[in-house]
Each structure stands twice: as C-alpha cells, then as structure tokens.
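Report on the following structure.
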Amino acid sequence: MLFEIRSLRSCSSARMLAALVCVLLCIQPGHGQACTEGFAYDRRARQCVDVDECRTLPDACRGDMRCVNQNGGYLCIPRTLYNQPYRPETSVLPEPAYPDTSQGFPDTFLPAPRSVEPSYPRVGSTAQCLLGYTPAEDGTCNDIDECETNSHHCNPTQVCINTAGGYTCSCTEGYWLIGGQCQDIDECRYGYCQQLCANVPGSYSCSCNPGFNLNPDSRTCQDVDECEDEPCTHGCFNTYGSFMCNCDEGFELAADGTSCIDLDECSFSEFLCQHRCVNTPGSFSCICPPGYFVFEDGRSCEDINECDTGNNTCTTAQVCFNFQGGYTCLDPLQCHSPYVEVSDNQCMCSAENPACRDKPFTVLYRHMDLSSGRSVPADIFQMQATTRYPGAFYIFQIKSGNDGREFYMRQTSNVSATLVLSRPIKGPKELVLDLEMVTVNNVINFRGSSIIRLTIFVSEHPF
C-alpha cells in the first residue's frame, strides 16, 4: 500500500484521483474482491457466486406470490402458475472470467457474461392449462395428482394430499409436525383416558383397573357390580371398583374374603350357659341336666318341680318332696316306741311315761334342699321356741349329723337360733341333722329338750 501511494505522488493530480477511486472500489478489507449486486465473493472458491435472495431475504415475495431465485436476482410469480422447478438441460455452467491482478487492478471489474437459462418455470404463451393441470383430449384441463404420480416433495413421514392444481403435505391423525417431521403425539399426557392409558404410534389405548369395564366411548370406565355373580357365600356389598362380603350373625369371614365360617360361641366364655353350651351353625344352644329346663333367657336352668307336674313315681301313700334337680318320695311318718304320732310330721314322748324321762319331749321332722357348692357362710334354717315359761331359758345346739363340721348354730335371741352353713357341700348328698333346743328352768328345777330332725337334700349342680 505504501509503495502504491509513493508511486502515485509522481503522477498528476487527475491520475492520482482516478487511482484512489480505483483503489477504493477494488480493495475491500476482509473480502479482497468486489462483486456486482446479486453476487457474493466466495473466498474458498475465490470467485463470485450467486446469492439466493429467496432464502436470505425475509418476505422476499408477499401475498400469493412465490419467490424463484435466478442468477444475480430473483422473481416473484403467482403460485397458481408454478408447478415444478425448472431443470436446465445441461448442468455444466461456463466458468466466470476474472481479471489478472498481477499487473494491478483495472478500473472496473465485472464477471464475464454467462449464457444461463432462467431458474424459474417457463410459462409459454401457447399453454392452455395452468400449472398443476394437464390438457385432456377433449380440450379441457385435468388436475395432475402429484400424490399419485409421486411428483410431490413431501418427506417420508408426511402424507401427500392432492388439491386442485397442487398438493399439500400433512401428518396422519395421531401425529404432529415438528421440525419438518411427523412425530407421534403422546395422547396419554393429556388425560384422554379416565384410568389407564397406553400410548401407541399414532394413537392410544385406554384400559381400566380391576373392578371396572371400559365404556363404549373407549375412554371412560364403568364400575362392575361383582355382586351380580354372587361371589360371596352369604351377603355381598358392591363398592366402587370392588365388593365386600359380609356374613350372617354367628359367622365370620374366612381368609379368602368370600366364604363364611361358623363362630364357636361356646369357646368365648365358660359362663355363656349355666350348665353346658352346644355350638350350632351360626348360633349356640344351652342345655340343662335332667330335672331342669332352659329358662326364658335361653341360658340359665330352672328346676322342674316333678311334684307339681305329676311327673314322679310316688305312691298315694307317699309324700312327694321336690328339690333342685330332682325329687324324693317320703314314706308316711312312723313313730317308734315310746313315741306316739301327734301329727303327720311330729312324734311325742309323754312325760308321764317313765321310758320318756331321758328322751326329747318331741321330735319334729323337717326337709329342705341345698344347692351344691353354695357360698358360705349362709343362714339356711331357723329354730324358735313356741312355748315360753317364766324363768326359763333355751339352749340351741346340733346334737348329731354334723360329722364334717359343715354347720353351726348361732343363737339370735333368748328363744331363737339359726343354722349356719360354714363349709360348701358338694352334691348330690343327703344329710340328717338333729337340732336340739334345751329348755332350762331353775325355778322349778326343770330340764327338757325338743328335737328337729332336719333332712337336707344337696343337689348335684350349683343351681
């Protein structure tokens, strides 16, 4: 550059100005060459190449016009006149001529003229049909089916749809266009299915959880009433998506959740029945021993009074005595000498009879029943003097029959006493006690006694 400036100083002012203009036009930093409008210098190829304005210029053509590139420029033609891009007969273009720069730069630089066919479609004045149509024998124009003739430019993922005078590229249902390619739509992401969704290429498939059926719309689910198939042994209750089995009273649900097994109520408690519990399907029953019947509550046992019902074996001469769980037939009273019978249950020994001097004045026969294992202490019998004498007092005692020390007498007043059970007695057992009342009168120096012969029938059961 410095060399060129020095050489210019020796020239005339007019030549210097021309040279400066030439330098400014021909030398550009970063390019090294200048090209005419519509061309750009390719540093690698070291030549001017055409600029495709249809790609580089935004909105090169507007409206229903299509941009067609040509050497050094471009054309805008109606889309209805455009069918297929022009294909030149020869693909070899003449090489452009460039000036020799070894001797300096010429005043102007232009690419050599080239004989190039236009790159836009040729529309002859003799054409009778628009582009996208072909003449028919009858002189009309028929539409060209680019999709059928495979002359379309849709990519393999797209579907060609023929239109009047042209075609469009679209995606099939279930796909959408992304980056020029048809990609599958994941419909499951948009909640198309009520419950379960499986995406498949171009579509989707809905299904339902167990306990549901797919509705005819192939999207929503309907609850299945499993109880219609009677899956339960006893009762069935339908729930949303499932069902529940229930059992009748006295049964419980088995491990399989559908069948019912009997409950053994008798195993729950030994006090469920007063005597014995018998398990039955779905329930239980209480039974009582002979001599008892099941009470209204269905659990406790009540004694059967065989003497009242007549269900006994006693003769007319005998007396029927009922006790808990049974009965006995009492023979008529027999008083042994020197005693004489004064009533149906009392024998007396007269004081005028010398044989009665050391014997009890009277013997009164009594009977009672007692439950086996009765809780103690318990007052079970009471004695009382029926005749009172002035200056006399009374002593009450158990004279015989208390070998096991199960009883004792407790005096409650001057003229009365109570027989107390002090130890539980296990039945069945029959006990005879002689309860003596001794009368003492020191005024007249008198001592006498009376006996109550008490027969106790202890039942077999504690009820």
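The values are calculated or read from the model by the stated rules, or taken from the named source; none is laboratory data. For clarity, every value in this text was computed on a predicted model and none was experimentally measured. With ideal geometry, Cβ positions are generated from the backbone for all residues, glycine too; neighbour counts draw on all protein chains shown. SASA here: full protein model, heavy atoms, side chains in, ligands and nucleic acids out. Shrake-Rupley method; radii C 1.70, N 1.55, O 1.52, S 1.80 Å.
Every condition in (1) modelled with pLDDT under 70; (2) open to solvent by less than 70 Å² (accessible area, probe 1.4 Å) holds for L17 except the one numbered (2). Within segment 190-216, the set of residues being over 26 Å from the mean Cα position of the chain (by Cα) and either closer than 24 Å to F237 by Cβ or surrounded by 16 or more Cβ atoms within 10 Å (Cβ to Cβ) (or both) comprises N199, Y204.
Contact map, segment 262-276: residues that are free of Cβ contacts under 8 Å to residues at least 24 places away in the same chain and over 25 Å from D303 (Cα atoms) paired with residues that are among the charged types (D, E, K, R) and open to solvent by 40 Å² or more (accessible area, probe 1.4 Å), Cβ distance under 7 Å, separation 6+ or inter-chain. Pairs shown: L263/E252. The set of residues in segment 316-330 that are touching a residue at least 40 places away in the same chain (Cβ under 8 Å) and either touching a strand residue (DSSP E or B) at 6+ places or on another chain (Cβ under 7 Å) or surrounded by fewer than 19 Cβ atoms within 10 Å (Cβ to Cβ) (or both) comprises F321, F323, Q324, G325, T328.
Any idea how many residues of segment 343-366 are of a type in the set (S, T, Y), over 24 Å from G326 (Cα atoms) and surrounded by 14 or more Cβ atoms within 10 Å (Cβ to Cβ)?
Of the residues in that region, 1 qualify.
Of the residues making up segment 396-406, not a single one is of a type outside the set (K, R) and in contact (Cβ under 8 Å) with a residue 60 or more places away in the chain. Looking across segment 161-182 at every residue that is touching a residue at least 12 places away in the same chain (Cβ under 8 Å) and of a type in the set (S, T, N, Q), the one that is farthest from N215 (Cα to Cα) is identified as N162. If you go through segment 402-435 and keep only what is among the small types (G, A, S) and farther than 17 Å from F457 by Cα, you end up with S413, S416, A417. Applying a threshold of 9 Å to beta carbon distances and a minimum spacing of six or more residues, or different chains, the list of pairs starting in segment 49-75 at a residue that is farther than 18 Å from T36 by Cα and ending at one that is exposed (fewer than 14 other Cβ atoms within 10 Å of the Cβ) and among the hydrophobic types (A, V, I, L, M, F, W, C) reads C67/L57.
Scanning segment 353-371 for residues that are in contact (Cβ under 8 Å) with a residue 12 or more places away in the chain and out of contact with any strand residue (DSSP E or B) (no Cβ under 6 Å at 6 or more places or on another chain), we see that the one that is farthest from L333 (Cα to Cα) is S371.
Is it the case that segment 367-388 has a residue that's small (G, A, S), part of a strand (DSSP E or B) and open to solvent by 30 Å² or more (accessible area, probe 1.4 Å)?
no
Yes or no: segment 350-363 includes at least one residue that is under 30 Å from D303 (Cα atoms) and over 60 Å from the mean Cα position of the chain (by Cα). Scanning segment 350-363, I find no residue that is under 30 Å from D303 (Cα atoms) and over 60 Å from the mean Cα position of the chain (by Cα), so the answer is no.
Output the qualifying pairs, or none if there are none: Cβ atoms under 7 angstrom, residues six or more apart or on different chains, first residue in segment 438-455 and under 26 Å from C335 (Cα atoms), second residue of a type in the set (D, E) and in a strand (DSSP E or B). If the second residue must be of a type in the set (D, E) and in a strand (DSSP E or B), the pairs left are S449/E436; I451/D434; I451/E436; R453/D434; T455/E430.
Would you mind stating whether G310 is at pLDDT below 95, out of contact with any helix residue (DSSP H, G or I) (no Cβ under 6 Å at 6 or more places or on another chain), open to solvent by less than 60 Å² (accessible area, probe 1.4 Å) and closer than 30 Å to P462 by Cα? Answer is yes for this residue.
Just so you know, in segment 257-282 the residues that are open to solvent by less than 50 Å² (accessible area, probe 1.4 Å) and part of a strand (DSSP E or B) include one that is farthest from L330 (Cα to Cα), and it is C260.
Can you find even one residue in segment 140-157 that is in a loop (DSSP other than H, G, I, E, B), at negative phi and at pLDDT below 50?
Just the residues of segment 140-157 that are in a loop (DSSP other than H, G, I, E, B), to begin with: 140, 144-145, 150-157.
After this cut, where a residue has to be at negative phi as well, the list is 140, 144-145, 151-157.
Adding the requirement that they be at pLDDT below 50 leaves none.
No, segment 140-157 contains no residue that is in a loop (DSSP other than H, G, I, E, B), at negative phi and at pLDDT below 50.
Which of the residues belonging to segment 433-463 are closer than 30 Å to I304 by Cβ, open to solvent by 70 Å² or more (accessible area, probe 1.4 Å) and touching a strand residue (DSSP E or B) at 6+ places or on another chain (Cβ under 6 Å)? Within segment 433-463, just R453 meets the criteria. Here Q397 meets the list (1) at pLDDT 95 or above; (2) surrounded by 14 or more Cβ atoms within 10 Å (Cβ to Cβ); (3) within 30 Å of G326 (Cβ to Cβ); (4) out of contact with any Cys (no Cβ under 9 Å at 6 or more places or on another chain) almost entirely, failing just condition (3).
Does any residue of segment 289-299 turn out to be without any contact (Cβ under 8 Å) to a residue 24 or more places away in the chain, open to solvent by less than 50 Å² (accessible area, probe 1.4 Å) and over 39 Å from the mean Cα position of the chain (by Cα)? Yes, the conditions are met somewhere in segment 289-299.
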